[in-house]
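The values are calculated or read from the model by the stated rules, or taken from the named source; none is laboratory data. All values derive from a computational prediction rather than experimental measurement. Cβ: placed from backbone, ideal geometry, glycine included. Neighbour counts: every protein chain shown. Ligands, DNA and RNA are excluded from the accessible area calculation, which covers all protein heavy atoms including side chains. Shrake-Rupley method; radii C 1.70, N 1.55, O 1.52, S 1.80 Å.
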Amino acid sequence: MDNIIATTTLYKNYQLAIPKAIRNKLTDLTIEDTIIDWSINENNEIVIKPRKKVSLDDVLGIIEDDDPRDAVELKRSLYK
């Protein structure tokens, strides 16, 4: 049997609130940068997982470019 920490009510328009007991345990949840992912597992149970939003700063620099030219040179090469 599951270890139930808290329960919540399904409100009008199918809205839910994250119970305070859960918010207190997951201290890194913030309104600004948290996304809640919902899924249904093979036992038809709802699985809810929080994750951080990916920002542009998180993505910048992931892909390395070996091309030594800059944007101005690339634009000039179009007109040659």
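Every residue in segment 32-54 that is surrounded by 10 or more Cβ atoms within 10 Å (Cβ to Cβ), assigned to a loop (DSSP other than H, G, I, E, B) and not basic (Lys, Arg), please. Explain how you work it out, then say what you get.
We begin by selecting, within segment 32-54, every residue surrounded by 10 or more Cβ atoms within 10 Å (Cβ to Cβ); these are 33-36, 47-48, 50-54.
Now drop any that are not assigned to a loop (DSSP other than H, G, I, E, B), which leaves 33, 53-54.
If the condition is that a residue be surrounded by 10 or more Cβ atoms within 10 Å (Cβ to Cβ), assigned to a loop (DSSP other than H, G, I, E, B) and not basic (Lys, Arg), then ASP33, VAL54 are the ones that fit.
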Exercise for review: Tell me, yes or no, whether segment 19-31 has at least one residue that is surrounded by 10 or more Cβ atoms within 10 Å (Cβ to Cβ), assigned to a loop (DSSP other than H, G, I, E, B) and modelled with pLDDT of 90 or more.
Suggested key: yes
Exercise for review: Could you check SER77 against (1) in a helix (DSSP H, G or I); (2) surrounded by 10 or more Cβ atoms within 10 Å (Cβ to Cβ); (3) hydroxyl-bearing (Ser, Thr, Tyr) and say which number it fails?
Suggested key: (2)
Revision key, fill the gap. Within segment 21-56, the residues that are farther than 19 Å from ALA6 by Cβ and more than 15 Å from the chain's Cα centre (by Cα) are ILE40, ASN41, GLU42, ASN43, ASN44
**Study point:** Index of the failed condition, LEU56 passing every other in (1) out of contact with any strand residue (DSSP E or B) (no Cβ under 9 Å at 6 or more places or on another chain); (2) modelled with pLDDT of 85 or more
**Key:** (2)
**Study point:** Qualifying residue in segment 61-71 (condition: modelled with pLDDT of 90 or more and open to solvent by 90 Å² or more (accessible area, probe 1.4 Å))
**Key:** no
Check your understanding: Any idea which residue in segment 1-18 is modelled with the lowest pLDDT, counting only those that are exposed (fewer than 10 other Cβ atoms within 10 Å of the Cβ) and among the polar types (S, T, N, Q)?
Key -> ASN3
